[in-house]
Amino acid sequence: MRFMPHTESDVRAMLDTIGIDRIEDLIAHVPESLRSTANIAIAPGLSEQDVAAELTALAHQNRASECVSFLGGGYYNHYVPAVVRSVISRAEFATSYTPYQAEASQGTTQAIFEFQTLITQLTGLEVANASMYDGASAAAEAVLMARRISPKKSVVALSRALWPDYRATIRTYISALKGIEVIEIPFDEKSGRIDLVELKRIAKENLLCVVAGYPNAFGIVEPLGEITKITHEAGALAISATAEGLALGLLKAPGDLQVDIAIGEGQSFGLPMQFGGPGLGFMAARTAHLRQMPGRLVGQTRDSDGNRAFTLTLATREQHIRRERATSNICTNHSLCALAATVYLSLMGRRGLRELAERNVELAHQAHAVLSAAKIQPRFSGPFFNEFVVKIPRVADALKTADARGVLAGIPLAPDYPELRDGLLVSVTEMNRATDFDRLRDVIAEAA
């Protein structure tokens with residue numbers, strides 16, 4: 001299909017319709033310091049070879065691939081097997097979209113069905129949808145789902161130890177709903193876990209739901225069973241949020257802990273970090289709440305010849321049914337990312353995923369011990385998966401020193417948690433080696 005660009009009159013008509021003078025006005029809210037550096041300065045008239053060479057030189061300015069990385073905080077540096085890229089690169093998958101015509105989309109619908117099956121196995125719940133945009137939007141959709149299940153309740157309780165972007169996205173999604181109150185439950189300063197005493201205090205009849213990380217934003221494994229029990233005693237719904245999907249390969253499944261809705265981020269399942277995206281949200285729930293789930297679900301059936309077949313079973317978005325009956329306006333699922341996760345999880349298997357999760361725990365605790373031996377103290381005492389927080393008097397200086405030594409030491413917590421201005425979140429995966437821990441210890445000690 002030929003590319004038909006908009007004419008100047010087309011552009012002018014659109015600008016007049018929305019009431020602005022220039023296209024640049026659409027991004028006027030972006031700071032000038034960022035807008036002025038957004039363009040790539042490439043001379044006009046260059047050949048393809050010259051442009052490729054210049055872009056390659058620009059890419060080499062990114063030192064991240066050359067550094068030892070301890071970055072996490074919601075996106076994790078895991079190894080992606082070659083078979084994942086091989087399968088998702090096939091044209092029939094790479095160009096796939098919404099499988100409206102089941103008879104022409106059996107490969108895509110089966111892949112989505114298998115993804116749903118794998119997510120139910122991971123979460124220990126009965127039904128999963130065809131995926132969400134990312135973990136944060138999945139968390140917000142879960143709160144909206146809880147509202148549809150219990151429309152007369154009005155209080156949403158978020159653990160303060162839930163990831164900041166998850167909390168912000170939830171607030172944005174429900175800001176248009178009338179009568180909803182959002183409260184944050186503090187975390188215990190010693191353990192890093194949710195304050196169960198405060199949770200019990202606010203667990204009253206008007207409580208709609210409780211959202212807690214599993215593990216939380218500090219890498220700490222929350223007492224999800226206790227959280228769920230307190231939540232249910234108040235007649236509310238328990239929602240678990242897992243940003244490090246690999247943790248579900250080892251931790252007790254949310255469904256086994258009586259969680260009502262389990263959401264999370266599937267980036268760890270075969271998707272590279274790629275500067276923070278794209279992600280892959282997942283959601284699972286109980287069959288009783290099936291018709292309140294957002295997005296779409298693929299089901300298994302039999303065709304006219306009696307053969308196993310797959311089709312869209314539920315698709316309750318605005319485009320398909322009356323708006324007032326729609327559960328969400330989510331436009332589609334991340335089917336290509338879901339396919340990557342399906343290939344990855346199928347390749348790893350139940351045992352392989354558990355062994356990898358155990359390896360992550362082992363390495364993280366090894367790094368924790370190396371730092372503790374150098375008197376770099378942990379901030380929290382609670383059990384952790386593959387992330388932990390250490391106390392550093394001058395975090396900014398430590399990060400600067402580490403960067404100069406080729407080490408991405410972690411994520412400072414002060415911007416999101418002012419009370420943790422000395423906190424550095426360190427993530428460890430199977431991509432790290434024992435020698436990396438010595439380098440991390442040395443650069444932090446040098447800045448101390």
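Of all residues in the stretch 77-94, which are assigned to a loop (DSSP other than H, G, I, E, B) and more than 13 Å from CYS337 (Cβ to Cβ)?
The answer is ASN77, HIS78, TYR79, PRO81, SER89, ARG90.
Which condition breaks for LEU58 when tested against (1) modelled with pLDDT of 90 or more; (2) surrounded by 10 or more Cβ atoms within 10 Å (Cβ to Cβ); (3) aliphatic (A, V, I, L, M)?
Evaluating LEU58 over (1) modelled with pLDDT of 90 or more; (2) surrounded by 10 or more Cβ atoms within 10 Å (Cβ to Cβ); (3) aliphatic (A, V, I, L, M) leaves (1) as the failure.
With the condition kept exactly as written, say whether any residue in the stretch 138-156 is outside any helix (DSSP H, G or I), in contact with a helix residue (DSSP H, G or I) (Cβ under 7 Å, 6 or more places away or on another chain), hydrophobic (A, V, I, L, M, F, W, C) and open to solvent by less than 10 Å² (accessible area, probe 1.4 Å).
Yes, the stretch 138-156 contains at least one residue that is outside any helix (DSSP H, G or I), in contact with a helix residue (DSSP H, G or I) (Cβ under 7 Å, 6 or more places away or on another chain), hydrophobic (A, V, I, L, M, F, W, C) and open to solvent by less than 10 Å² (accessible area, probe 1.4 Å).
Any idea how many residues of the stretch 385-398 are in contact (Cβ under 8 Å) with a residue 40 or more places away in the chain and open to solvent by 30 Å² or more (accessible area, probe 1.4 Å)?
Of the residues in the stretch 385-398, 3 are in contact (Cβ under 8 Å) with a residue 40 or more places away in the chain and open to solvent by 30 Å² or more (accessible area, probe 1.4 Å).
Name the one entry in ARG439, ARG351 that is of a type in the set (Lys, Arg) and more than 30 Å from ILE88 (Cα to Cα).
ARG439
Among what's in the stretch 157-190 and is open to solvent by less than 60 Å² (accessible area, probe 1.4 Å) and among the basic types (Lys, Arg), pick the residue that is farthest from ASN216 (Cα to Cα).
ARG167
What residue, of GLY277, GLY299, GLY249, is out of contact with any Asp or Glu (no Cβ under 8 Å at 6 or more places or on another chain), at pLDDT below 95, of a type outside the set (Val, Ile, Thr) and surrounded by fewer than 24 Cβ atoms within 10 Å (Cβ to Cβ)?
GLY299
Please name all residue pairs, on different chains or six or more residues apart, with Cβ atoms under 7 Å, provided the first residue is in the stretch 333-361 and is modelled with pLDDT of 95 or more and the second residue is part of a helix (DSSP H, G or I) and surrounded by fewer than 15 Cβ atoms within 10 Å (Cβ to Cβ).
VAL343/VAL83; LEU347/VAL83
Rundown of residues vs (1) under 30 Å from GLN61 (Cα atoms); (2) of a type in the set (Val, Ile, Thr); (3) assigned to a helix (DSSP H, G or I); (4) out of contact with any Ser or Thr (no Cβ under 7 Å at 6 or more places or on another chain), yes/no style:
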site	(1), (2), (3), (4)
PRO5	no, no, no, yes
SER9	no, no, yes, yes
ASP21	no, no, no, yes
SER33	yes, no, yes, yes
ALA43	yes, no, no, yes
LEU46	yes, no, no, yes
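Given (1) among the acidic types (Asp, Glu); (2) open to solvent by 70 Å² or more (accessible area, probe 1.4 Å); (3) more than 24 Å from PRO215 (Cβ to Cβ), identify the lone condition not met by ASP403.
Going through the list (1) among the acidic types (Asp, Glu); (2) open to solvent by 70 Å² or more (accessible area, probe 1.4 Å); (3) more than 24 Å from PRO215 (Cβ to Cβ), ASP403 breaks only (2).
For residues that are polar (S, T, N, Q) and at pLDDT below 85, scanning just the stretch 61-93, find the one that is surrounded by the most Cβ atoms within 10 Å (Cβ to Cβ).
ASN62
On the basis of being touching a helix residue (DSSP H, G or I) at 6+ places or on another chain (Cβ under 7 Å), at pLDDT 90 or above and under 11 Å from VAL127 (Cβ atoms), does ALA288 make the cut?
Taking the combined requirement at face value, the residue does not satisfy it.
Do we find that ILE202 is open to solvent by 20 Å² or more (accessible area, probe 1.4 Å), closer than 19 Å to ALA236 by Cα and at pLDDT below 95 in this structure?
Yes, satisfied.
The values are calculated or read from the model by the stated rules, or taken from the named source; none is laboratory data. The shown structure was predicted, so the numbers you read here are calculated from the model rather than taken from an experiment. We place every Cβ from the backbone using ideal geometry, glycine too, and count neighbours over all the protein chains shown. When the accessible area is computed, the model is the full protein with side chains, heavy atoms only, and any ligands, DNA or RNA have been set aside. Shrake-Rupley method; radii C 1.70, N 1.55, O 1.52, S 1.80 Å.
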